[in-house]
Amino acid sequence: MSATVSAVSKSEEWNSHVTSASVKVATFWIWMLGICLFYIVVLAHTPITVLVSAAHDDGYYMKFGRLLAEGSMDEVQGDERVKEVYLGH
C-alpha cells in the first residue's frame, strides 16, 4: 500500500510543478526551435538562383561558399560545373 501511496504522491508533486506558465514558456521555445530549424534547412540552403526569371542581370553561382561562375543566365548556362552542382548532370 505504501508503494502506491508513494507513487501517487510523487505524481502529485510533479503535477504541482507544472503550471500553465511553464507550459507556455516551453511551447514558446519549441516554436522558436522550429522556426530556427526551418530557416537553417529551407531558407539558408536554397540556391540563390532558384528563380531563373528573377529581375537581375548578373548572378553568382556558388557551391559551399566558393564561386563557381559569375554572370548572366545566358553566359553561365553552358558552364559544366554549374550544371553539375545545380542540375546534377
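The values are calculated or read from the model by the stated rules, or taken from the named source; none is laboratory data. Quick caveat: nothing in here was measured; it's all calculated off a predicted structure. Cβ sites come from the backbone with ideal geometry, for glycine too, and all protein chains shown count toward neighbours.
General observations
- Contact map, segment 43-72: residues that are at positive phi and in a strand (DSSP E or B) paired with residues that are of a type outside the set (A, V, I, L, M, F, W, C) and at pLDDT below 80, Cβ distance under 7 Å, separation 6+ or inter-chain. Pairs shown: GLY71/ASP58.
- Scanning segment 8-57 for residues that are under 30 Å from LEU87 (Cβ atoms), exposed (fewer than 10 other Cβ atoms within 10 Å of the Cβ) and modelled with pLDDT of 65 or more turns up VAL42, LEU43, ALA44, HIS45, THR46, ASP57.
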